[in-house]
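J.: Please read through the structure below; I'll follow up with questions.
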Amino acid sequence: MNHFAGLMTQQRWADVKELFEFWVRSLDKNGKPNKPDVNLYNHYLRANLMIGASAGDLLDLVAQMDDFAIVPNTASFNFILKAMNQAKETEAAKKLLERMLQGGAESLPDDDSYDLVIGMLFEAEQIDAALKYVDMALKSGYLLSMRVFTECVGSCVRQGRLDTLATVIERCKTKDQNRALYPNWNLCNYLAEVAMQADNSKLAFYALEFMAKWIARGEIAKPPFLLSVDEGLIVSALATAGRTYSSNLLDASWAILRRSLRQKKVYYQLEKLSSADPPYKSVAALNCIILGCGNIWDIERAYQTFDAIGSSFGLTPDIHSYNALMYAFGKLKKTFEASRVFEHMLSLGVKPNAKSYSLLVDAHLINRDQKSALSAIDEMVTAEFVPSKETVKKVRRRCIREMDYESDDRVESLAKKFNIQMGSENRRGMLFNLDYGTEYASAS
């Protein structure tokens, strides 16, 4: 047995196989054939797997365990599942897992069993079957591998199974062994974008939480790798939090921003970092501060930060800087100032993007000026941008409320031109046109 152990240590699998087969044909000191136990036989199975035995070969070897009065255990079947995984025999793996579930306690699936089969099912895009076994694994308290968890996230996002994914993540967070799971950085960003587009605040919150783990991991790595969140993503997160009334997502958005910038006193710390050796300067970070100031209606700090991009940090504002400042002015109904920012941007040769025009439209609408909003959309179209359905519907709503039917006709023309399905405003119209007189009261 010492020789056998030595061959295992040296990974001389062909020799392990040959020695085992010679040993079971030999007699012990009592003159009886040597009889392996289940652990020794599993080493024999492993050796066969390592030298390329097929799943069918391993099934035959497991069947031969009866000759030695040995009951195969979970590890025995896992070697077969590994061979099936290598050969992409997904259906056979499912059947074997079901056999293990119906067998005795010694052969019930463990975390390796579930990991192998779930991974194969996700790879084969059998998402329902995969999620079934994910559920069973979590209920049994088993550990999901990072690979399987990542495949689960990716598959659910691609298939639009967002609520299911949120439930899986929530259940993982309740178990110590699965609490540390999180997908790769790119998938975190993709997950966040998809969740926010679907207004799934719970899933968006989890995505930001995963990103915070990556940022923390990068800071303690040697050498460190510093990750930060795009300011556009933070804006989307804040908007989603507002639409869904999610205080958790709102708090997470600001927390991930501060963590992304690695500061608590963001603006003042950035000033210190800009004069450090080596200096740390980031237009994206300053843009986020402008947005943050806009969200708390602190227009003075928003403008000071914008001005500091050039004066204090020696950087050049980008299109996101101007958009953030326009957003801040628009929130406070400072339409004139928002328009001046837009004009100043044009005078400097900075090309507006679709968001710039949308913000200009919003700034006019907040002051109930639908005609100027339509003019801004006309400029947007001239610049070869297409107004979003949300923007066009907001203008239409303002036209109806102001009873500006001429402008409403222009909105309808825009919608037809860009094939925007406007839907009905009947319910809003009913509320707007309610008669609040006292006729009914007096009649009773």
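Please treat every number below as a calculation from the coordinates, not as lab data. Just so it is clear, the model here is predicted, and its values are computed rather than measured. Heads up, the Cβs are rebuilt from the backbone with ideal geometry, glycines too, and the neighbour counts pull from every protein chain shown.
J.: Hey, quick one: spin label on residue 159, modelled 7 Å out along Cα-Cβ, who in the stretch 94-121 has an amide N within reach, i.e. under 13 Å?
T.: 118-121
J.: To continue, here is another question. May I ask you to derive the relative contact order of the chain, considering only C-alpha pairs under 8 Å and at least 6 residues apart, and to give it as an integer percent?
T.: Answer for the chain is 5 percent.
J.: So if the hydrodynamic radius of the chain is defined as the Kirkwood radius over C-alpha pairs, what does Stokes-Einstein give as its diffusion coefficient at 25 °C and 0.890 mPa s, in µm² per second?
T.: 90
J.: What is the sum of charges, Lys and Arg at +1 and Asp and Glu at -1, for the other residues whose Cβ falls under 14 Å from the Cβ of residue 351?
T.: Numbers: positive: 355; negative: 318, 343, 379, 384.
Within the 14 Å Cβ shell, the charges total -3.
J.: Moving to a separate point now. Please compute the contact order of the stretch 1-92 in relative form: average sequence separation of alpha-carbon pairs under 8 Å and at least six residues apart, divided by the residue count, as a percent.
T.: So the answer I get is 23 percent.
J.: Compute the FRET efficiency between residue 57 and residue 213 as 1/(1 + (r/R0)^6), taking r as their Cβ-Cβ distance and R0 = 41 Å, and round to the nearest 0.05. If you can, show how the numbers build up before the last one.
T.: Details: r = 43 Å, r/R0 = 1.04.
E(calc), rounded to 0.05, equals 0.45.
J.: Now for a separate question. What value does the stretch 1-92 have for Rg/Rh, both radii from Cα atoms and Rh as Kirkwood defines it?
T.: With Rh from the inverse mean 1/r over Cα pairs, Rg/Rh is 0.99.
J.: Next up: Using all Cα-Cα distances in the stretch 307-354, what percent lands in each 10 angstrom bin from 0 up to the longest?
T.: P(r) for the stretch 307-354, in whole percents per bin: 26, 55, 19, 0.
J.: Treating the stretch 144-194 as a set of equal point scatterers at the Cα positions, no solvent, please give the Debye-formula log₁₀ I(q)/I(0) at q = 0.15, 0.20, 0.21, 0.31 Å⁻¹.
T.: -0.35, -0.64, -0.70, -1.35
J.: Next question, about the same structure. I need to check one value: relative contact order of the stretch 58-165, counting alpha carbon pairs closer than 8 Å and at least 6 residues apart, in percent.
T.: Normalised by residue count, the contact order of the stretch 58-165 is 20 percent.
J.: Right, here's the next one. Helix-only mean residue ellipticity at 222 nm, the chain, DSSP H runs n ≥ 4 weighted -39,500 (n - 2.57), per residue, nearest 500. What is it?
T.: Values: 25 runs with 306 residues, N = 444.
My calculation for the chain gives -21500 deg cm²/dmol from helical runs alone.
J.: How far apart, in nanometres, would the label points at residue 18 and residue 199 be if each is projected 7 angstrom from Cα along the Cα-to-Cβ direction?
T.: 7.1
J.: Also, quick follow-up: For the pair residue 318 and residue 375, how long in nm is the line joining their label points, each one 7 Å along Cα→Cβ?
T.: 3.2
J.: Computed over the Cα atoms, what is the radius of gyration of the stretch 283-401 divided by 2.2 N^0.38 Å, N being its residue count?
T.: 1.04
J.: To continue, here is another question. Using R₀ = 56 Å, calculate the FRET efficiency as 1/(1 + (r/R₀)^6) where r is the Cβ-Cβ separation of residue 50 and residue 419; round to 0.05.
T.: It comes to 0.40.
J.: Full-extension gain between residue 174 and residue 187, please, as 0.36 nm times their residue separation minus the C-alpha to C-alpha distance.
T.: 2.5 nm
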